[in-house]
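Notes follow the structure.
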């Protein structure tokens, strides 16, 4: 089979299996209320958990940063692309999450790729939760270490496998908040296990940073500090409303990544205007703490109303509220029906989630009002009811 025929066959197979991904184009700024193809929609699939992506203070900070420091950084950090706003953002983030040092990255994917390849060799082992984000899995596959995946949240399996490995070092890698399920990793247990086995833990806190632990993240909520044994990866494009990411840990490890972290070394630095705006976003997290409080109220209200409507949500206390449909085609059809009714809710299908667990991934924001939530629940309940009647 030629390359072109293979590509076309793979695309057609995805289409036949109701798994073909399609992009939508927003005709408005990100927010709880958006426009897509001229149609107003209430947005329940964004990771803009605190409603900061279109905040006037961040827009002003970006404009100010561009005026002061230009549109681009011009080079990688180790050539001449490390500008004063990058340094200031790293120092402010380190202070905010309680770490000795922080290293900025252009994306969370690059941040996650950096650690295993820099630290591990052929005799070493990476242990990962089976539901980890793709970037963590790819990071392990690109390293020279062996990869072992333990059942989701199964601390017994994790403990046995970590203690059984004696030929090299062990790195435990996990989402802190699982992006498709909304539940939390056993962070304290993993941190203790890493210390007992003289290993290391990497916690990808993309969906907890800015929201949990008074904004400091899931590790802070669990009483774990970024340190020599525990690295925290945080993203700036979700709760902070910007883009980019960082790794937080002790000074020695951050210095080591500067020397050996290939995705850091060989990538053009984040635009300085964004780094400048990061400092403003951190200030907003403190100044507008009501946003986290309102988000928690919205989460509880949604779960209460969903229970009244007999919607079988997965267990989650975070802004990520999955409704498992099972069949990929039915999940997509329900998502499209919701869109027709004025609600944007993503259908998440394999391979992003395991076969048979296609779902609607409903995400809540501090920018939503209770009326938005009530109307969504009503539309969801009606859609699920129709699907049941059709079945």
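For segment 314-327, the set of residues classified as under 18 Å from residue 385 (Cα atoms) and crowded, with 22+ Cβ neighbours inside 10 Å consists of 322, 325, listed by residue number. Looking across segment 196-210, not a single residue is under 10 Å from residue 163 (Cα atoms) and buried (at least 24 other Cβ atoms within 10 Å of the Cβ). Just one of the numbered conditions (1) surrounded by fewer than 18 Cβ atoms within 10 Å (Cβ to Cβ); (2) under 30 Å from residue 351 (Cβ atoms) is not true of residue 71: (2). In segment 74-99, what residues are surrounded by 18 or more Cβ atoms within 10 Å (Cβ to Cβ) and within 13 Å of residue 232 (Cα to Cα)? Within segment 74-99, 93, 94, 96, 97, 99 meet the criteria. Residue 147 falls short on exactly one of the conditions (1) surrounded by fewer than 18 Cβ atoms within 10 Å (Cβ to Cβ); (2) more than 16 Å from residue 117 (Cβ to Cβ), and that condition is (2). Between 243, 227, 179, the distinction of being closer than 30 Å to residue 74 by Cβ and in contact (Cβ under 8 Å) with a residue 60 or more places away in the chain belongs to 243 only. Scanning segment 297-313 for residues that are in contact with a strand residue (DSSP E or B) (Cβ under 9 Å, 6 or more places away or on another chain), more than 12 Å from residue 365 (Cα to Cα) and buried (at least 16 other Cβ atoms within 10 Å of the Cβ) yields 303, 306, 311, 313. Among the strands (runs of 3 or more DSSP E) confined to segment 68-161, the ones with at least 1 residues that are in contact (Cβ under 8 Å) with a residue 60 or more places away in the chain are located at 101-105. Counting only residues that are buried (at least 22 other Cβ atoms within 10 Å of the Cβ) and not in a loop (DSSP other than H, G, I, E, B), segment 162-185 holds 7 of them. Can you confirm whether segment 186-194 contains a residue that is without any contact (Cβ under 8 Å) to a residue 24 or more places away in the chain and either in contact with a strand residue (DSSP E or B) (Cβ under 9 Å, 6 or more places away or on another chain) or surrounded by fewer than 21 Cβ atoms within 10 Å (Cβ to Cβ) (or both)? Checked against the condition, which is being without any contact (Cβ under 8 Å) to a residue 24 or more places away in the chain and either in contact with a strand residue (DSSP E or B) (Cβ under 9 Å, 6 or more places away or on another chain) or surrounded by fewer than 21 Cβ atoms within 10 Å (Cβ to Cβ) (or both), segment 186-194 yields at least one hit. Total residues in segment 30-48 satisfying the condition of being under 23 Å from residue 271 (Cα atoms) and in contact with a helix residue (DSSP H, G or I) (Cβ under 7 Å, 6 or more places away or on another chain): the figure is 0.
Values in this text are rule-based calculations from the coordinates and carry no lab data. Keep in mind the model is a prediction, meaning the values are calculated, not measured. Backbone-built Cβ (ideal geometry, glycine too); neighbour counts: all protein chains shown.
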